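S.K.: Okay, handing you the structure first.
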Amino acid sequence: MINLFRIDERLIHGQVAIKWSKYSDVSHIVVANDNAANNLIVEKTLKMAAPATIKTAIKSIDSAVDLLNDPRVSKMKLLVLVASPHDAVEVIKNIPGVPYVNVGNYGRVIQEKNNENRTRYAGNLYCNDEDVRSFQELMRMGLKCIYQPTPEDSAEDMVSFFK
């Protein structure tokens, strides 16, 4: 069962390892990211950042979808992490059971993509037009998208961000 589905371009870091994993009471973390799955240094770094008590899998988008569709996974308490709204769409349209999309830090690290600057929508949330379209697609799929950097922060419904 997916307890938390989060978009955070940093994937596993202090807030995720310490705060979100405890807050969402997970036993497993699944990172769905092609770059991380295909780069041994990034994969090892992410696994080192994860809490030792939580089993962590670093998978490509396609492999993560396969894993998340395995019936045995339904008994686990999962935190699923993706690095972008586009990746979130790719995963979510191929798996059941995502309760909502939690968005933390996105677009701040690389504020320009394809020569297009990103616009700041909230705290550490920066999007270009492609990102906005992906978030709107998630919402059209019936998913609530909330911006919430840490569990202590108030959750902001993102529907008003992209009107």
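The values are calculated or read from the model by the stated rules, or taken from the named source; none is laboratory data. This is a predicted model, so every value here is computed, not measured. Every residue, glycine as well, gets a Cβ built from its backbone with ideal geometry; the counts of neighbours run over all protein chains shown.
Every residue, every condition in (1) without any contact (Cβ under 8 Å) to a residue 60 or more places away in the chain; (2) surrounded by fewer than 20 Cβ atoms within 10 Å (Cβ to Cβ); (3) among the acidic types (Asp, Glu); (4) within 26 Å of GLU152 (Cβ to Cβ), yes or no:
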| position | (1), (2), (3), (4) |
| --- | --- |
| VAL98 | no, yes, no, yes |
| GLY104 | no, no, no, yes |
| GLY107 | no, no, no, yes |
| GLU116 | yes, yes, yes, no |
| LEU125 | yes, no, no, yes |
| VAL132 | yes, yes, no, no |
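S.K.: Considering only residues that are under 24 Å from ASP70 (Cβ atoms) and buried (at least 18 other Cβ atoms within 10 Å of the Cβ), which ones fall in the range 9-27?
M.R.: If the condition is that a residue be under 24 Å from ASP70 (Cβ atoms) and buried (at least 18 other Cβ atoms within 10 Å of the Cβ), then LEU11, ILE12, VAL16, TRP20, SER21, SER24, VAL26 are the ones that fit.
S.K.: Run ASN39 past the list (1) surrounded by fewer than 18 Cβ atoms within 10 Å (Cβ to Cβ); (2) under 27 Å from GLU152 (Cα atoms); (3) modelled with pLDDT of 95 or more and report the number of the one that doesn't hold.
M.R.: If we test ASN39 against (1) surrounded by fewer than 18 Cβ atoms within 10 Å (Cβ to Cβ); (2) under 27 Å from GLU152 (Cα atoms); (3) modelled with pLDDT of 95 or more, just (2) comes out false.
S.K.: Only one of SER74, SER60, SER84 is over 17 Å from the mean Cα position of the chain (by Cα) and hydroxyl-bearing (Ser, Thr, Tyr); which?
M.R.: The conditions single out SER74.
S.K.: Tell me, which strands (runs of 3 or more DSSP E) wholly within the range 1-93 include 1 or more residues that are hydroxyl-bearing (Ser, Thr, Tyr)?
M.R.: In the range 1-93, 55-59 are the strands (runs of 3 or more DSSP E) which contain 1 or more residues that are hydroxyl-bearing (Ser, Thr, Tyr).
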